[in-house]
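The values are calculated or read from the model by the stated rules, or taken from the named source; none is laboratory data. All values reported here derive from a predicted model rather than from experimental measurement. Quick reminder, even Gly has a Cβ in these numbers, built from the backbone with ideal geometry, and neighbours come from all protein chains shown.
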Amino acid sequence: MSAGVTSPRADSASTRVLHSFPLWLPRTQTWLYNEIVGLPDRITNHISCIDTWNLDRFGVPRLSSFSADRDEWLGSLKEPYHRVRDTRGVGFVARTLERGAFQAYQRRAVRRNGIQVVHSHFGTVGWQNLPSIVGTGARHVVTFYGYDVNRVPVQFARWRRRYRTLFRTVDRVLCEGPHMARCIEKLGCQPEKIRVHHLGVDLSALDFEPRNSLPRAPLRILMASSFHEKKGIPYGVAAVGMLNRDFPIALTIVGDSTEDGRCSDEKGRIQDAVREYGLQDVTTFLGYITHAELLEQARSHHVYLAPSVTASDGDTEGGAPVSVIEMLGTGMMVVATRHCDIPNVVHHGESGLLAPERDPEALARHLRWLVDHPDAWTEMARAGRRHVEREFDLRVQSERLAAMYEELVEG
């Protein structure tokens, strides 16, 4: 295949899993890459996607890209085809035909590689994959991650009907926490099919270093995410601005608008908030950086601020940001909101502090409490690390996921 290496059929003793994505892989989804490459060797992974991004960062074997193989087949007709595909009217017809072609493409991959489990990543992908799976004998696992739970069925009623069709045939539905599990059940999924499966983090990469705060040193605060409305960054900026009135701070914001150009309005709101609170001289925008660079930034900051909210279009975190889990694991203080499954990651008053959504005053009070109680930081950091080790260890979670695949195949 032009986008990767498709190896011969794996040892029949292994469990063969095809992971299906629309895109492999946006740069903000390092956690998905880790989940798949972290699976034990007895699981043979195949990746099937419509298109590829960032292969220099997320290269994997046995990767099949529909768009790469389509363009190779088109040859000299590739450029004219893309011009037609991107036009209105006839382009819509072309894209609709492509969706059917991808289903057939993926179905051939399932049969050719003797796939035993198809793991659809995102609920929308799970429904779209139904024609690729029926009649193949493969078991079907779908993981919901966030926007597919709340925003999609809120904005588009047809997806409620589609999900009910999916839930009738799917074998397992995975989600990050109990809040998301309840949301999926409300969409019509049978509770016995739902499993909470925490996203794991690589603890070997998270050096545990409880932070220390000097009485009058700047409190170094870090926020990191794409600039989606659900991340609540303007509320975090407002909270930092309130604290900065009587205590020196330094704010670092990692992230930007997404690769497809969305979120530009939210970026403007973030920049407006920085100006409104006079934080221009103490705020650093780093844009997107690598995961390793983010962890390096974490080591030089005291507090991770995650002010997530339910967006105006219904979008939510679904579960909890993986960055919150990772920052707890490093020993950072975490201030976040009572949003989705964040309270199952950050235990208020024990390993971090939680505020209501869209309440910058409450976030500012929590930041001020940390300034006034530096003696509490070390024990809170230890509690956070213990919780991450117990519930979010990548090695443990990978073993649990592999065991679930095997149970389905043997079942």
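Summary of computed values
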| read-out | value |
| --- | --- |
| Hey, residue 110 within 18 Å of residue 162 (Cβ to Cβ), among the aliphatic types (A, V, I, L, M), at pLDDT 95 or above and in contact with a helix residue (DSSP H, G or I) (Cβ under 7 Å, 6 or more places away or on another chain) or not | no |
| Residue 212 within 24 Å of residue 300 (Cβ to Cβ), buried (at least 20 other Cβ atoms within 10 Å of the Cβ) and of a type outside the set (Val, Ile, Thr) | no |
| Where a residue in segment 174-193 is without any contact (Cβ under 8 Å) to a residue 60 or more places away in the chain and exposed (fewer than 15 other Cβ atoms within 10 Å of the Cβ) and its partner, wherever it lies, is of a type in the set (A, V, I, L, M, F, W, C) and part of a helix (DSSP H, G or I), with Cβ under 7 Å and at least six apart | 190/167 |
| The listed residue being under 28 Å from residue 37 (Cβ atoms), without any contact (Cβ under 8 Å) to a residue 12 or more places away in the chain and not polar (S, T, N, Q), out of 407, 391, 399 | 407 |
| Criterion violated by residue 316 - all others in (1) closer than 30 Å to residue 123 by Cα; (2) modelled with pLDDT of 95 or more satisfied | (2) |
| Which listed residue, of 118, 93, is over 19 Å from residue 140 (Cα atoms), assigned by TED's automatic domain parsing to the domain that holds residue 172 and of a type in the set (A, V, I, L, M) | 93 |
| Residue selected from segment 37-78 under the condition touching an Asp or Glu at 6+ places or on another chain (Cβ under 9 Å) and of a type in the set (A, V, I, L, M, F, W, C), by the criterion farthest from residue 114 (Cα to Cα) | 53 |
| Within segment 11-41, considering residues that are under 15 Å from residue 322 (Cα atoms) and of a type in the set (Ser, Thr, Tyr), the one modelled with the lowest pLDDT | 28 |
| Qualifying residue in segment 70-90 (condition: touching a strand residue (DSSP E or B) at 6+ places or on another chain (Cβ under 8 Å) and among the aromatic types (Phe, Trp, Tyr)) | no |
